[in-house]
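Since the structure comes first, as structure tokens, the remarks are kept for the end.
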Amino acid sequence: MMVLRDSGGVQWAGMALGLLAAAGFGVAGAAGQPGFLPLAALLGATLVWLVLPKVEGLARGALLALLIGAVAFAAHGLLRGPMGHASFWAAVIAVWLGAWMLVAIFADLPRSAGLLGRLQGLLAPLTFGATLLWLWEVTVRALEVPRVILPAPSAIWDRILRSTDVLWVDFVQTFVKGALSGYAIGVGAALVFALAVDRSDFLRRGLLPVGNFLAALPIIGTAPIMVMWFGFDWPSKAAVVVAMVFFPMLVNTVQGLAATEAMQRDLMRTYSASWGQALLKLRLPAAMPFIFNGLKISSTLALIGAIVAEFFGSPTRGMGFRISTEVGRLQLDMVWAEIAVAALAGSLFYGLIALVERGVTFWHPSQRGR
Amino acid sequence: MRNIIPVLAVTAALIALWYAAVVPMNAQWAQDQARRAGTDLTLPALIADTMSQQRPRLPAPHQVAQELWNSTVVEEMTGRRGFMNTGSLSNRSLVYHGWVTLSATLLGFAIGSGLGIALAVGIVHNRAMDASVMPWAIASQTIPILAIAPMIIVVLNAIGITGLIPKAIISTYLSFFPVVVGMVKGLRAPDAMQLDLMKTYSASGPQVFSKLRWPSAMPYLFASLKVAIAAALVGAIVAELPTGAVAGLGARLLSGSYYGQTVQIWSALFAAAILAASMVALIGVIQRATLRRMGMAA
């Protein structure tokens, strides 16, 4: 079978052994616990999967569904039952191994074309992420980790649902006002500046090393200065974002504008294209992969800059403000709720840029052949 | 080498721009003082005043340079608590604070790059890890760890882990990602032809790794190490902010902003910049030496 050959027999044998051992402990330890049935199902499904590698078509799909169901059922059962004894941990390990098997299977599934294939590509990372969340939940509950050290994911989700209004106000203050405006200004300024620099070879040779150097500096350290200059409200946060975003963007754009080959530029000259025409029709399109690289790097920097700048002074709203005050009040579930919002906003922002990139630079090798 | 003159010109222009900005930024305060004293400021007097204020909105470059000199060499050589008088570094000197930050940075960088390389090896050799870990490594970087660094520090303090480790954890988190990305690219750099050659030699998996993949990943490794160490420094500085301004360059930034000591903020900022630049340069030197030994020097 394809799966067996691709992933390496060693990995499969190791996982099966671990699964057997863990499940065995689970059965022997406490036969009455609710994890027993699903674990038995998990074991059975795995054995069938490994012993009958020649299964194809519908039977294979049914087997996969059985495996998924068994893992999910066992995971659910473990959260309900008594926790903390040795057999419980063995069962947790078994579920984890089962989930890992699923990830391996998903990763090896032949991909269909189009949207379906793209969704299929999400299966493995989503399973992995869900497993991590589940492990977090189980560990926190079983070890009875105090709420002030690490809240469980379910508690964080609860808090998100209960305080959407506060989260929304903070999101607008930090992300929309601080980060987005700073991002737009910084990126725009860097683009304009790069076009100006591009006209002079002397400036380019001077600015690239200096810009590279400045891009590596801890620019986040200017946050206290910006707060001193622009006050507590969002303009100071936007200013920090501008300073953080500017140099990576500038360096990438200047590099991108230099990415055309002499042959291509000569062609433009034989067409007697003006500087503006050559820019619009050749050099800007050729620079797009670099520009989007800069945009993506800057998108994560922007949110970080806006949040950290709030530690140096802010009005009584904003994600950074909320995080630092709620840490002081030991309301860690609120802190994690803010983190979840920030991570979600950051990922969506990044994803949006990546999506636009795919549309604009469809011709680039890194976007093809997938 | 042909870039030296343009670089110097750009640097000089930046410094000139800075000087030019000092005057309007600080003029307000100088004029207020003069009005209160009932005197009129002539333009040269105004300019001279803006360059030498105690707490300027924007300190002049020479003020920052002087503060840097004073808080390193002068403090250690002649200061009451300096190295020459007590045999230990003064807690007022940037050498001491820089060392505190540097040690956390280096520890975090070492762990982070080790972890990054290990993850990259796993990702390259295991399809399941490639499909599942890589998207989450990317997603992990959209979590603004810098923003939650204070919480991690406070929580770790609460369970009794203090000092170097919490700061190093933040540095680790920031530095592992560039190494993972760079090394995955680097370990996949050998093309099919080279891999086929190894197969005709009937090389084992470890042999392919040590004789082909690992050597060809070296240029990528060093490029990402440079990014990683700069990120590690940023992590260490930010991790120092919530500890209450005790020690480290981040603490100097925070106490400077508490007491309005702008010159102190700027000198800490430049100390951090010098630290970052010299670490990146050091990696560059190691890179050149290594690649030359491997016969890959450019």
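Restricting to region A:155-180, count the residues that are under 30 Å from A:L102 (Cα atoms) and more than 20 Å from the chain's Cα centre (by Cα).
The number of residues fulfilling the criteria is 2.
Any residue at all in region A:238-253 that's within 26 Å of B:S224 (Cβ to Cβ), within 8 Å of chain B (Cβ to nearest Cβ) and hydroxyl-bearing (S, T, Y)?
For region A:238-253, residues within 26 Å of B:S224 (Cβ to Cβ), within 8 Å of chain B (Cβ to nearest Cβ) and hydroxyl-bearing (S, T, Y): absent.
Collect the residues in region B:25-79 that are closer than 25 Å to B:Y258 by Cβ, loosely packed, with under 13 Cβ neighbours inside 10 Å and of a type in the set (S, T, N, Q), keeping them in residue-number order.
Scanning region B:25-79 gives B:Q28, B:Q54.
Which pairs have Cβ atoms under 6 Å, sit 6 or more apart or on different chains, and link a residue in region A:107-126 that is over 13 Å from A:L64 (Cβ atoms) to one that is polar (S, T, N, Q)?
Close Cβ pairs satisfying both conditions: A:R111/A:Q120; A:A124/B:S132; A:P125/B:S132.
Can you tell me which residues in region B:117-156 are under 19 Å from A:A337 (Cα atoms), of a type in the set (S, T, N, Q) and buried (at least 18 other Cβ atoms within 10 Å of the Cβ)?
If the condition is that a residue be under 19 Å from A:A337 (Cα atoms), of a type in the set (S, T, N, Q) and buried (at least 18 other Cβ atoms within 10 Å of the Cβ), then B:Q141, B:T142 are the ones that fit.
Considering (1) in contact with a helix residue (DSSP H, G or I) (Cβ under 7 Å, 6 or more places away or on another chain); (2) within 11 Å of chain B (Cβ to nearest Cβ), say which one A:L132 fails and leave the rest.
(1)
Counting just the residues of region B:131-171 that are farther than 14 Å from B:G108 by Cα and part of a loop (DSSP other than H, G, I, E, B), which one comes out farthest from the other protein chains (Cβ to nearest Cβ)?
Result: B:T162.
Results for (1) touching a helix residue (DSSP H, G or I) at 6+ places or on another chain (Cβ under 6 Å); (2) without any contact (Cβ under 8 Å) to a residue 40 or more places away in the chain, shown as yes or no for each residue.
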{"residue": "B:D130", "(1), (2)": "yes, yes"}
{"residue": "B:P135", "(1), (2)": "yes, yes"}
{"residue": "B:I159", "(1), (2)": "no, yes"}
{"residue": "B:L187", "(1), (2)": "yes, no"}
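Could you please let me know if A:P248 is in a helix (DSSP H, G or I), more than 24 Å from A:R358 (Cβ to Cβ) and modelled with pLDDT under 85? Quick ask: steps written out before the conclusion?
Working: in a helix (DSSP H, G or I): yes; more than 24 Å from A:R358 (Cβ to Cβ): no; modelled with pLDDT under 85: yes.
When the stated conditions are applied, A:P248 does not pass them.
Answer yes or no as to whether A:V227 is in contact with a Ser or Thr (Cβ under 6 Å, 6 or more places away or on another chain) and either on the phi > 0 side of the Ramachandran plot or buried (at least 21 other Cβ atoms within 10 Å of the Cβ) (or both).
Here the answer is yes, as A:V227 does meet what is asked.
Those residues that are in contact (Cβ under 8 Å) with a residue 60 or more places away in the chain and more than 8 Å from every other protein chain (Cβ to nearest Cβ), I need them from region A:224-234; list them, please.
Step one: of region A:224-234, the residues in contact (Cβ under 8 Å) with a residue 60 or more places away in the chain are A:224, A:226-227, A:232-234.
Of everything in region A:224-234, those that are in contact (Cβ under 8 Å) with a residue 60 or more places away in the chain and more than 8 Å from every other protein chain (Cβ to nearest Cβ) turn out to be A:M226, A:F232, A:D233, A:W234.
With the requirement that a residue be within 18 Å of B:A104 (Cα to Cα) and touching a Lys or Arg at 6+ places or on another chain (Cβ under 7 Å), what does region B:245-298 give you?
Across region B:245-298, the qualifying residues are B:A268, B:V280, B:I283.
Within region A:98-105, identify whether any single residue is surrounded by fewer than 19 Cβ atoms within 10 Å (Cβ to Cβ) and either under 29 Å from A:A309 (Cβ atoms) or not assigned by TED's automatic domain parsing to the domain that holds A:L257 (or both), and answer yes or no.
There is no residue in region A:98-105 that is surrounded by fewer than 19 Cβ atoms within 10 Å (Cβ to Cβ) and either under 29 Å from A:A309 (Cβ atoms) or not assigned by TED's automatic domain parsing to the domain that holds A:L257 (or both).
Looking at region A:279-370, what helices (runs of 4 or more DSSP H) fall wholly within it and have at least 2 residues that are modelled with pLDDT of 85 or more and more than 11 Å from chain B (Cβ to nearest Cβ)?
The qualifying helices (runs of 4 or more DSSP H) are A:284-309, A:332-360.
Those residues that are farther than 22 Å from B:Q54 by Cβ and of a type in the set (S, T, Y), I need them from region B:7-40; list them, please.
B:T11
When you scan region B:223-264, how many residues do you find that are facing another protein chain (nearest Cβ under 10 Å) and of a type in the set (F, W, Y)?
1
Would you be able to tell me the number of residues in region A:175-219 that are of a type outside the set (A, V, I, L, M, F, W, C), buried (at least 23 other Cβ atoms within 10 Å of the Cβ) and either closer than 23 Å to B:L8 by Cα or facing chain B (nearest Cβ under 9 Å) (or both)?
Within region A:175-219, residues that are of a type outside the set (A, V, I, L, M, F, W, C), buried (at least 23 other Cβ atoms within 10 Å of the Cβ) and either closer than 23 Å to B:L8 by Cα or facing chain B (nearest Cβ under 9 Å) (or both) number 3.
Could you please give the count of residues in region A:322-344 that are over 16 Å from the mean Cα position of the chain (by Cα), small (G, A, S) and surrounded by fewer than 19 Cβ atoms within 10 Å (Cβ to Cβ)?
1
So A:R159 ticks every box in (1) away from chain B (no Cβ under 14 Å); (2) at pLDDT below 85; (3) crowded, with 18+ Cβ neighbours inside 10 Å but one. Which box is left unticked?
(2)
The values are calculated or read from the model by the stated rules, or taken from the named source; none is laboratory data. Owing to the predicted nature of the structure, the values given are computational and were not obtained by experimental measurement. A quick note on method: Cβ atoms are made from the backbone with ideal geometry, for glycine too, and the neighbour counts reach across all protein chains shown.
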